[in-house]
Amino acid sequence: MKKWMIGILASGILFSCNIRNPDKVAKMQNSATGSASIVENTSVQMIDSVYDFGSVTDGENVVFSYRFKNTGSKPLVVSSATASCGCTVPEKPEHPILPGETGFLKVVFNSTGRVGPVHKSVDVVSNASPAFPTLLLIGEVKQKQ
């Protein structure tokens with residue numbers, strides 16, 4: 001009886017593991033996290049990649065939306081956008097940009113305590129090939145009078 005129970009337990013463990021297709025689990029995890037690695041590549045044309053805001057007074061917010069166009073034949077999915085500094089907050093598009101459409105990536109720069117020349121960058125991860133260029137935000141923050 002004891003050997004019979006061990007046999008059933010061992011076979012249950014073997015059949016519950018999917019040892020024949022380990023890639024299936026990785027694909028399911030990628031699709032659950034929205035990874036762009038399983039989405040087909042498309043191409044992108046940058047309309048704006050550098051924004052020179054000139055000069056602002058310490059404490060003002062600079063808001064700009066970088067424009068880009070999906071020039072490929074598949075939907076463009078922006079999976080993340082990260083800034084070089086916590087004072088700059090990018091907002092990626094929430095929905096895929098269809099072929100031929102223009103998309104926007106909004107960036108808000110908080111100039112508080114940033115007196116002097118400003119050179120901030122935003123890196124974008126998407127299914128575009130070649131990849132998005134680094135987006136730049138430049139200008140100068142002047143001290144309050």
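The values are calculated or read from the model by the stated rules, or taken from the named source; none is laboratory data. Just so you know, these numbers come straight off a predicted model, no measurement behind them. So basically every Cβ, Gly included, is an ideal-geometry build from the backbone, and we count neighbours across all protein chains shown. The area values use the complete protein model at the heavy-atom level, side chains included, leaving out ligands, DNA and RNA. Shrake-Rupley method; radii C 1.70, N 1.55, O 1.52, S 1.80 Å.
For Ala83, what is the net charge nearby, where nearby means another residue's Cβ is under 11 Å from its Cβ and Lys, Arg count +1, Asp, Glu -1?
-1
Near the amide H of Ser43, under 5 Å away, which other amide H atoms are found, from residues 5 or more places off or on another chain, if H is placed in the peptide plane?
Thr71, Gly72, Ser73, Lys74, Ser129
Could you tell me the accessible area of Lys144 in Å² (1.4 Å probe, neighbours in place), rounded to the nearest ten?
140
Run through region 59-128 and list the GluC sites (Glu not before Pro) located in a DSSP loop whose Cβ has at most 14 other Cβ atoms within 10 Å.
Details: sites: Glu60, Glu91, Glu94, Glu101; in loops: Glu60, Glu94, Glu101.
Listed in order of number, the matching sites are Glu94, Glu101.
Non-local amide H neighbours of Gly103 (under 5 Å, H modeled in plane, Pro and chain starts lacking H): which ones?
Phe68, Lys69, Asn70
Over all alpha-carbon pairs in region 54-95, figure out the percentage whose distance exceeds 17 Å. Display every interim value, and only then the final one.
Numbers: 421 of 861 pairs.
Summing the P(r) tail past 17 Å for region 54-95 gives 49 percent.
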